[in-house]
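Report on the following structure.
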Amino acid sequence: MFGKFILALAIIAAPLAGAAQEVYEVEMGDDGLHKPTWLRETFLDMREDLAEANSLGLRLALIVEQRGCIYCKKMHTEIYPIPEIDTVIRENYFFVQINMFGDLEITDFDGEVLPERDMVKKWGVFFTPTILFMPEEVSESDSAGDVAVAKMPGAFGKFMTLNMFNWVLLRGYDSEEHFQKYHARMLQTQLNR
């Protein structure tokens, strides 16, 4: 009798478990990278991408990832799908994905053209995922790695991620309040909800 109960419970729970996984399932591209629907397909020309982001009233963010990255998977399956974070991304950001070991050519703000793998080195990115948040204006003599207003290297939890995205939107990098102080202040409020 107990065995029948467990079997019945398993039959009822199986569709529910599958439904929960679908919410956090993210399509994989041929390059082995996660492809959430909020990523923008571009020609990887940083000046063009910045101009398009600005015309849409969005902030340009470059996300560097690699095939098989367990931290990228964590972010795409556990953190970015959180409704609050998903909304901030979709409503405020223009995300362009860069493959750390890819061959596609990128044109940097300074006009230099390099394959993804070499551009990532030029920008000083060594971890995946890494997000580089761009300012709204960039000189034609600057490189994305040098002008990023914030860099987010690695996988972080819900509040750290959400607070970094919001801090950039609030232009916290122009204020006296360092991100860590902003995050600590916001975390107090978030944990008390």
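The values are calculated or read from the model by the stated rules, or taken from the named source; none is laboratory data. The structure presented is a predicted model; accordingly, all values stated were derived computationally and were not measured. Positions of Cβ are backbone-derived with ideal geometry, glycine not excepted, and every protein chain shown enters the neighbour counts.
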### Task
Output yes when any residue across region 159-174 is outside any loop (DSSP other than H, G, I, E, B), surrounded by fewer than 15 Cβ atoms within 10 Å (Cβ to Cβ) and either of a type in the set (D, E) or modelled with pLDDT under 95 (or both), and no when none is.
yes
### Task
Under 6 Å between Cβ atoms, at least 6 apart or on separate chains: pull out the pairs that start in region 69-92 with a residue that is at pLDDT below 95 and buried (at least 17 other Cβ atoms within 10 Å of the Cβ) and end on any residue that is of a type in the set (F, W, Y) and not in a helix (DSSP H, G or I).
none
### Query
Which one of these does L9 not meet: (1) at pLDDT 95 or above; (2) over 21 Å from S143 (Cα atoms)?
(1)
### Message
As an exercise: evaluate L60 against (1) touching a residue at least 60 places away in the same chain (Cβ under 8 Å); (2) farther than 19 Å from W123 by Cβ and give the number of the one condition it does not meet.
### Response
(2)
#### Entry: Subset of region 147-158 [surrounded by 15 or more Cβ atoms within 10 Å (Cβ to Cβ) and either outside any loop (DSSP other than H, G, I, E, B) or among the aromatic types (F, W, Y) (or both)]
V147, A150, K151, M152, P153, F156
### Task
Could you identify the single residue in M160, M152, M186 that is in contact with a strand residue (DSSP E or B) (Cβ under 6 Å, 6 or more places away or on another chain) and either within 25 Å of E48 (Cα to Cα) or without any contact (Cβ under 8 Å) to a residue 60 or more places away in the chain (or both)?
M152
### Message
With the requirement that a residue be of a type in the set (D, E, K, R) and closer than 20 Å to M75 by Cα, what does region 156-182 give you?
### Response
K158
### Query
Which of the residues spanning region 175-186 are part of a helix (DSSP H, G or I) and surrounded by fewer than 14 Cβ atoms within 10 Å (Cβ to Cβ)?
Q180, K181, A184, R185
### Query
Does L60 satisfy being surrounded by fewer than 16 Cβ atoms within 10 Å (Cβ to Cβ), of a type in the set (A, V, I, L, M, F, W, C) and either under 16 Å from the mean Cα position of the chain (by Cα) or at pLDDT 95 or above (or both)?
no
### Message
Among (1) hydrophobic (A, V, I, L, M, F, W, C); (2) touching a helix residue (DSSP H, G or I) at 6+ places or on another chain (Cβ under 7 Å); (3) closer than 17 Å to P153 by Cα, there is one condition F94 misses while meeting the rest; what is its number?
### Response
(3)
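Where in region 68-137 are there strands (runs of 3 or more DSSP E), lying wholly inside it, with at least 1 residues that are over 18 Å from T161 (Cα atoms) and among the charged types (D, E, K, R)?
105-107
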